[in-house]
Amino acid sequence: EDAVEKHWALAEVQFFDNPECVDKLQGTADASGEGVNRFVTSALDGRADTYWWSQESPESAAAWLGLALGKPAMVRCVQLLQSTDPDYSTSSVQLQSRPEADWLHIRSFSDLSVASTQNLHV
């Protein structure tokens, strides 16, 4: 939700259909943009040493990363690992869904930390 100074950098993001955050959902990644050879697939590769970067200096709510599941699913947990650098991190995010033509706000998360994996329960 917040603007980011440089690029929003995610080492990992995973989506789960259970509150225990196990057995991640599979799908096709998509993003608002990519910066400097930091591809969206890097945020879903299971490695904490690779990063997806959004477009440069995204305004509030302009950077996003999503997962097209291909079939209906209820996301109950999002696991997120941001960059250790505050200039590449945000303090808040939104979970949204697009079951039809319009986006639906599911939940907002604030007070996010940097450099530690967080389980965001829905």
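The stretch between Ile106 and Asn18, if pulled fully straight at 0.36 nm per residue, gains 30.1 nm over its current Cα-Cα span.
Once the 1.4 Å probe is applied to the protein heavy atoms, the chain comes out at 58 Å² accessible per residue. For segment 5-71, trypsin sites (Lys or Arg not before Pro) are listed when DSSP marks them as loop and at most 14 other Cβ atoms sit within 10 Å of their Cβ; the list is Arg47.
Where in segment 2-25 is the amide nitrogen less than 20 Å from a point lying 7 Å along the Cα-to-Cβ axis of Ser57? Residues 2-10 qualify, since their backbone N sits under 20 Å from the label point.
In nm, to one decimal, how far is the Leu95 label point from the Asp30 one, both placed 7 Å along Cα→Cβ? Label-label distance for Leu95 and Asp30, simple model: 2.0 nm. When the chain is treated as a Gaussian network with alpha carbon springs shorter than 10 Å, the biggest mean-square fluctuation among Gly27, Gly46, Gly70 belongs to Gly70.
Among the GluC sites (Glu not before Pro) in segment 51-104, those placed in a DSSP loop whose Cβ has at most 11 other Cβ atoms within 10 Å are Glu59, Glu100.
Within segment 1-49, what whole-number % of the accessible surface is contributed by carbon and sulfur, with the 1.4 Å probe and all protein chains included in the calculation?
Taking all protein chains in place, segment 1-49 shows 45 percent carbon and sulfur surface.
Cα centroids of segment 1-36 and segment 92-122: 9 Å apart.
The values are calculated or read from the model by the stated rules, or taken from the named source; none is laboratory data. Note that the coordinates shown come from a computational prediction; the quantities given were computed from them, not determined experimentally. Positions of Cβ are backbone-derived with ideal geometry, glycine not excepted, and every protein chain shown enters the neighbour counts. Ligands, DNA and RNA are excluded from the accessible area calculation, which covers all protein heavy atoms including side chains. Shrake-Rupley method; radii C 1.70, N 1.55, O 1.52, S 1.80 Å.
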